[in-house]
Amino acid sequence: MTHALYITYRPSSHQRGATSHDMTVLADQINRVEGLVSKVWIQNEEDELRGGFYFFDTAEHAEAWKERLIQERTAEGATQLNYQLFNVVDDFTAKTWHQPAAWQQA
């Protein structure tokens, strides 16, 4: 069973000033998180929120990343952290999961 973590937060001014290079470095670091299957990056510019949908191979890996992420983002000055853990319904998700054309990598 796949496990999902949904998390949002209001970034600090320092986080909002991150460059494309900074975000690429962060993406590379996140890509090495133990048990990570995938991450969908999300933002709501109107409400100044960022976050993601993270998919993990075990509930333990999802929980460990949640704790680490909350600690790291709070230390960086993020506020209004919200999260929810879910079990993914793998069989039906497999039937409806499609990769958007915008995600195609060169």
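No lab work stands behind these numbers, since they all come straight from the coordinates. None of the values given here were measured: they were computed from a predicted structure. Reconstructed Cβ throughout: ideal geometry from the backbone, glycine too, with neighbour counts over all protein chains shown.
Fewest neighbouring Cβ atoms within 10 Å first, the residues 55, 92, 86 line up as 92, 86, 55. FRET efficiency for the pair residue 67 and residue 104, taken as 1/(1 + (r/R0)^6) with r the Cβ-Cβ distance and R0 = 25 Å, rounds to 0.15. Remark: the residue 38-residue 96 segment gains 19.3 nm on full extension, using 0.36 nm per residue and subtracting the alpha carbon distance.
Scan the chain and hand back the longest stretch that contains none of the GluC sites (Glu not before Pro) lying in DSSP loops with at most 15 other Cβ atoms within 10 Å. Longest site-free region, per DSSP loop and neighbour criteria: 1-33. The tail of the calculated P(r) for the chain, taken as Cα-Cα distances beyond 20 Å, holds 43 percent of the pairs. Compared with the dominant principal axis of the Cα atoms in the chain, helix 59-75 is inclined by about 10°. For the pair residue 79 and residue 59, the difference between a 0.36 nm per residue extended length and the Cα-Cα distance amounts to 4.7 nm.
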